[in-house]
Amino acid sequence: MILRRLFLGVLLIALASSVLLLSDWSQRQVTDRRIPRVALLQHASQPLLDEGVQGMLDALAEAGFQDGRTISLSRFNAENDLATANAIARQIANGDYQLVLTASTLSLQTVANANRDGRNRHVFGVVADPFSAGVGLHRDHPQDHPRHLTGVGSFLPVAKTFEMARQCYPGLRRVGVAWNPAESNSAAFTASAREVCRRLGIELLEANVENSSAVGEAASSLVSRGAEALWVGGDITMMVGLESVVTAAGRGRIPVFSIAPPAVKRGTLFDLGANFYEIGRETGQLAARILHGANPAEIPVANFVPQKLAVNRLALAGLKDRWQLPGDLVARAALVIDGQGVHETAAGPTRRPQPGRVYKVALVYIGPDPAIDLTVGGLFDGFREMGLVQGKNLDLRQTHAAGELGNIPAVLQSVEHQDVDLILTFTTPVLTAACNTVKKKPVVFTLVSDPVAAGAGTSDTSHLPFVTGVGSFPPLPEMIDMIRDLVPGVQVVGTLYNSSEANSRKVVGVARELFPKKGIRLEEVTVTASGEVYQAAEALVSRGIQALWISGDNTALQAFEAIVKVAQDHKLPLFNEDPEFTERGALACVGLGAYQSGYSGGRLAARVLLGENPGNLPFEQVTKKTIVLNDKIARRLGITFPEKLRKAAAAQ
């Protein structure tokens, strides 16, 4: 009896176990069949790569691919060893993976070489210049690539980094860089640095390294050769040994700057590079598309560079030269280090566009002119770097007042009632009207000399809650010096402007104080419409002027050809502050380029579109000066440009 009960119990347990096993079997079979296996390889444990990888993982998770539930993820790290990287790549290529993700150029190369037969689909990211990596990509044809391979390139802003260094120390003449020739991305960055240094008149001192243990010695050699700063490109070897670079620079009392945020946390002065987390997200979203069924052969290789600026005020201490971090630069930084600690700010591309949404912007300006075209070009580039692309997820609608100031309020009232997310204004008269007219939409401005004078607020940080933008006050002292250099003995200069334009009143008001300090009398004539410009210019000539100077007055620029005619008829040199107009008959210009104003305005407008409050965003200032010389007019007037001035124009 006992044996019978024991047997029956065992039999029931066995039957129950069988039922459970059978009931789970079909589910486990489905799970095994449907869970993709994904491999992820990064070349080293290093902040920028770690950020990129985290972005990839977060994007995959948001798309429904979570490790252990809907994908099986195998992570690999070569720890900056090329032999290890090649061994891992062969292991991955021989594995049964539905997709391979790589972070860094070296990881792209090792896996691409091991996976030439295309057994595994491959998506790459955190790669500076994939087209120079030798993996079958073509720069002029991003769609032309191996059928199993696609990804995201991110060529970092080398030129802007050196321009920023010159802004922080105008006397900068010699920069040192050490780099590993085995890294194709580093070779591409260094080639770009050579070109920009030639343009800026900076001598680039170079040293090569083969591994991270050689970094300190190479950096010290550059300091001993007279480098006034050390630059670190997107070189993995150098980034692994960055502390040695900072130490060598510290002994020489010079700063280090890079294109790899957040290197400031390790001692650099500033980093102007990319938001690698966002690059990783872009890469992860691409990988998710492929896991969902997209064909990598049909996806072109994209370039995605959401810029990120980080600054370290503590690194200014003890430097032998007069380096500084200008206020407008610090205001744009996404990360600031100072005596109070590390501050993550709202600046920078920390937000991303919502998938599937089209952001609508109304662009309002006075009327067509070349400066507008250049500004719009910069605007599109600024938007693009923040992830907003015209025709894709950005709808930028242009409208203007046909050159008539009186039409501006009606135009603004019309666009405010349209289906737009933001109004973007060019020039001071449009901003002034927007401050008085617009009630329901955020406003971002650019091409404005003085937004405070335009009525947008009382300072760069205290302003109307629905308004922010980019100011660009002209470099008047440099303009006056140029006039004195090119017109020896000049005593009287004439200008004309529309006194109803707040920007013109402010600029001429400042000029009215500066010209006498240089021994020059400023003669002024005001106009109310472009039809009065020719007579106003003739009136100035009758006052015995020796040169004409035109500020960024919109009324004057609408009739610029009339001013040119008067100047040529009376053989007078004409100076202006709008580089785009110089070739139309001015002798020379020192001003602020419209492209840069548009670029900065586009980035700021994108931040508002992506959710930031314009009331919390300080007004920015464009400070990059542009010098333009007109040789044709100089020959006609018998004027020779000094060599120093030519070099300054060529070094931009």
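The values are calculated or read from the model by the stated rules, or taken from the named source; none is laboratory data. Model, not experiment: these values are computed from the prediction. With ideal geometry, Cβ positions are generated from the backbone for all residues, glycine too; neighbour counts draw on all protein chains shown. Keep in mind that these areas ignore ligands, DNA and RNA; they rest on the heavy atoms of the full protein, side chains included. Shrake-Rupley method; radii C 1.70, N 1.55, O 1.52, S 1.80 Å.
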Approximate spin-label separation D96-Q66, in nm, with each point projected 7 Å along Cα-to-Cβ: 2.6 nm
Simple label model, 7 Å out from Cα along Cβ direction - A87 to R635, nm: 6.9 nm
Listed residues V525, S186, N303: farthest to the positive end of the dipole of the chain (Cβ charges): S186
Cα centroid separation - the range 186-233 against the range 36-83, whole Å: 31 Å
The range 554-586-the range 102-163 distance, computed between alpha-carbon centres (Å): 48 Å
Furthest towards positive pole of dipole, Y277, A371, V564, structure part the chain, Cβ charges: Y277
Antiparallel DSSP beta bridges within the chain, percent to nearest 5: 15 percent
Residue pairs, from the table K392/K506; K320/K647; K320/K517, whose Cα atoms sit over 29 Å apart: K392/K506; K320/K517
Given charges at beta-carbon only (K, R positive; D, E negative), |dipole| of the range 508-652 in Debye: 640 debye
Trypsin sites (Lys or Arg not before Pro) within the range 372-434, DSSP loop, no more than 15 other Cβ atoms inside 10 Å: K392
Estimated 222 nm signal from helices in the chain, with DSSP H stretches of n ≥ 4 weighted -39500 (n - 2.57), rounded to 500: -12500 deg cm²/dmol
Calculated P(r) of the range 93-237 - Cα pairs past 22 Å, %: 47 percent
In Å², nearest 10: area of T626 left accessible to a 1.4 Å probe: 30 Å²
Chain lengthening between R119 and A182 when straightened (0.36 nm per residue, less Cα-Cα): 20.0 nm
log10 of Debye I(q)/I(0), alpha-carbon scatterers only, for the chain at 0.07, 0.09, 0.10, 0.11 Å⁻¹: -0.55, -0.84, -0.99, -1.13
Percent antiparallel among DSSP beta bridges (both partners in the range 481-639, rounded to 5): 25 percent
Straight-distance crosslink candidates among aspartates and glutamates, where the alpha carbon sits under 19 Å from K160 and sequence neighbours closer than 8 are dropped: D129, E195, E203, E228, D235, D271, D328, D381, E385, E620
P(r) weight above 17 Å for the range 80-121, C-alpha pairs, percent: 17 percent
Estimated dipole of the chain in Debye, rounded to 20 [Cβ of Lys and Arg +1, of Asp and Glu -1, Cα centre]: 880 debye
For a label point 7 Å along the Cα-to-beta-carbon line of D58, residues of the range 239-254 with backbone N under 14 Å: none
Other-chain or far-sequence residues with amide H under 5 Å of V358's (modelled H): none
Cleavage-rule hits, trypsin sites (Lys or Arg not before Pro), the range 502-581, DSSP coil, Cβ neighbours within 10 Å at most 10: K571
Radius 14 Å from Cβ of K565, net charge of other residues (Lys, Arg +1; Asp, Glu -1): 0
Positive dipole terminus of the chain, leading residue within H148, T425, L388 (C-beta point charges): H148
Dimensions in Å of the range 570-652 - Rg and Dmax from alpha carbons: 17.4, 55
Length added when fully stretched, K440-V389, from 0.36 nm per residue minus Cα-Cα: 15.9 nm
Residue-span extension gain [R194 to Q418] - 0.36 nm each, minus C-alpha spacing: 75.8 nm
Cleavage-rule hits (trypsin sites (Lys or Arg not before Pro)) in the range 134-204: DSSP loop, at most 16 neighbouring Cβ within 10 angstrom: R139, R147, R173
Cα-based reach from K518 at 16 Å (exclusive), listing aspartates and glutamates while leaving out same-chain residues under 8 positions away: E478, D481, D485
